[in-house]
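Student: Let me begin by handing over the structure; questions about it come next.
No lab work stands behind these numbers, since they all come straight from the coordinates. Predicted model, so just to flag it, every value in this text is computed and none were measured. Neighbour counts run over all protein chains shown; Cβ positions are idealised from the backbone, glycine included.
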Amino acid sequence: MMKALPTAVAALLGLSTLALSPSARAGWVEYDRDENMTQYYESAIKKKGAIASVTVMSDAKFPVEVEPGQSFKSVVITAEFDCDKRLGRDLTYTFKSGSMGAGTNVPVKEVADKQWDSAPLSTESDPARYAIWKIACGKK
């Protein structure tokens, strides 16, 4: 999920371990957490053939500054995954001023390039993207 993102955004989306637990918010399921960030996916995953679509949200405890005077607390990402080929692509990013996707939109340059990954996902190549590919595609 991280292509050419600003450093602050890359830090926001960094993941470590995969830990599944239900979120207190309806529809969102927590799948990772660290000292500043909680990662969620929307439980309504859509699948058509080998392609799975999922919405992911990163929610920060503290505002993440993109540039001086401009920060966000959450980012909502729409992604697609080719379950057979282990590839993914990001379709949209929406940066929000509030927690859990609330608040106003924060204007950030477009970071979703909509291009499929150039190599199959793995824990070594991109642990965060691989973790959500496994969830979206129903892999163990």
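Student: Quick one: net charge of Val76's neighbours, Cβ under 10 Å, K/R +1, D/E -1?
Tutor: Values: positive: Lys96; negative: Glu42, Asp59.
So the surrounding residues net to -1.
Student: Okay, moving on. Run the numbers for Glu42 and Ala102: contour at 0.36 nm per residue of separation, minus the present Cα-Cα distance, in nm.
Tutor: 20.1 nm
Student: Calculate the FRET efficiency for Ser118 and Lys140 from the Cβ-Cβ distance with a Förster distance of 25 Å, rounded to the nearest 0.05.
Tutor: Details: r = 25 Å, r/R0 = 1.02.
According to the calculation, E is roughly 0.45.
Student: What's the ranking of 131-137, 85-91 by average number of surrounding C-beta atoms within 10 Å, highest first? Don't jump to the answer; show the numbers that get you there.
Tutor: On the way: 131-137: 22.3, 85-91: 18.3.
Result, highest mean Cβ count within 10 Å first: 131-137, 85-91.
Student: Around Pro127, what is the net charge, scoring Lys/Arg as +1 and Asp/Glu as -1 over all other residues with Cβ under 15 Å from its Cβ?
Tutor: Residues close to Pro127 contribute a combined charge of 0.
Student: Let me ask another. What distance in nm lies between label points placed 7 Å from Cα along the C-beta direction at Lys85 and Ser71?
Tutor: My value for the distance between the label points is 4.0 nm.
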